[in-house]
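**Student:** Take this structure, written in structure tokens, and hold onto it; I'll ask about it next.
Every read-out reported here was derived from the displayed coordinates using simple, explicitly stated rules and does not represent laboratory data. Quick caveat, the model's predicted, so the values are computed rather than measured. A quick note on method: Cβ atoms are made from the backbone with ideal geometry, for glycine too, and the neighbour counts reach across all protein chains shown.
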């Protein structure tokens, strides 16, 4: 996911554009992934679930900003969008690390 | 099973006699150690709540599911952005005699940095950029325009435009030097050759 934002922001900086239909397809995919996430995430994860959903929504916000930047030809926005996407990805990565550590501890202790 | 709700009433049923009855406390601890299964003791140490083996198993399954969902969300898109982008070289900036300016290339270091310090500096730079943009936004002018082709008036009107410092200086100088280009507000998406201008 983050690779897409990385490349798109680089393109934006260099004066490239991306069509509305292409961005629409990416948006549909993002939304589908988020909805899958909402359905499959166990409800008992509490705060973790909230963090998950917020990070996935942040990706959609970054995509909105990307669409605006392409439509208005404003490469100045590339850095801001890149940071926003990076933040969302880092949140997800830190959750992943936490879960992995937690899971490893549990399996070690219960074995 | 709600993890947050498990073991909330662990200590409410305990009866503790008044005073420092260390013998009573020791008996309680020993009794707990003898009666509580090892798995539950570990879960209490790990999670702060007592869970049965079955609950622990369910919790581990829930974590595995969450991990899977997370990896699905983060996996790369089927098509890379490079394939969806139309590069600057292939964009059209001129139709007949009308041409408009390509957006500037933004030379920037890779903002996908790993350290918090780099992120902080990036944000600081963004703040400066925003400040400069706001400063320029103040330089808004009402401009009348006439679009002519071959002596025939195609369109006339006026609009609020933002002028760069260079554009403003050129207008205020009163010289008849034609300003070559004028960057119109984004919604116009084009930049036309500016043949003649006069401060009004």
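**Student:** Give the order of A:83, B:92 when sorted by the count of other beta carbons within 10 angstrom, beginning with the fewest.
**Tutor:** Arranged by neighbour count, lowest to highest, A:83, B:92 become B:92, A:83.
**Student:** Quote to one decimal, in nm, the extra length available between residue A:39 and residue A:64 on full extension: 0.36 nm per residue of separation minus the C-alpha distance between them.
**Tutor:** 6.6 nm
**Student:** Could I ask something else about it? Per DSSP H run of n ≥ 4, the term is -39500 (n - 2.57); total these for chain A, divide by its residue number, and report the mean residue ellipticity at 222 nm rounded to 500 deg cm²/dmol.
**Tutor:** -28500 deg cm²/dmol
**Student:** Between residue B:86 and residue A:28, take the C-beta separation as r, use R0 = 22 Å, and let me know the FRET efficiency to the nearest 0.05.
**Tutor:** My answer for the efficiency is 0.65.
**Student:** Moving to a separate point now. Quick one: helix A:2-13 against the long Cα principal axis of chain A, what's the angle to the nearest 10°, folded into 0 to 90?
**Tutor:** Orientation of helix A:2-13: about 20 degrees from the principal axis.
**Student:** Evaluate peptide A:7-20: per residue, the Cβ atoms of other protein chains within 10 Å of its Cβ; return the mean as an integer.
**Tutor:** Average per residue, whole number: 6.
**Student:** Put a dot 7 Å past each Cα toward the Cβ at residue B:101 and residue A:100; how far apart are the dots in nm?
**Tutor:** 4.8 nm
**Student:** Using label points projected 7 Å from each Cα along Cα→Cβ, tell me how many nm separate residue A:93 and residue B:152, to one decimal.
**Tutor:** With each label point 7 Å from Cα toward Cβ, the separation is 6.0 nm.
**Student:** While we're here: Against the longest alpha carbon principal axis of chain A, how many degrees, from 0 to 90 and to the nearest 10, is the axis of helix A:20-40 turned?
**Tutor:** Compared with the principal axis, the helix lies near 10 degrees.
**Student:** Now a separate question. In which sequence would B:86, A:26 go, from the one with the fewest C-beta neighbours within 10 Å to the one with the most?
**Tutor:** Going from sparsest to densest Cβ surroundings: B:86, A:26.
**Student:** Relative to the first principal axis of the alpha-carbon coordinates of chain A, what is the inclination of helix A:47-71, with its axis defined by its Cα atoms, in degrees from 0 to 90 and to the nearest 10?
**Tutor:** 10 degrees
**Student:** I'd like the FRET efficiency for residue A:72 and residue A:107, computed as 1/(1 + (r/R0)^6) with the beta carbon distance as r and R0 of 51 Å, rounded to 0.05.
**Tutor:** Efficiency at R0 = 51 Å is approximately 0.50.
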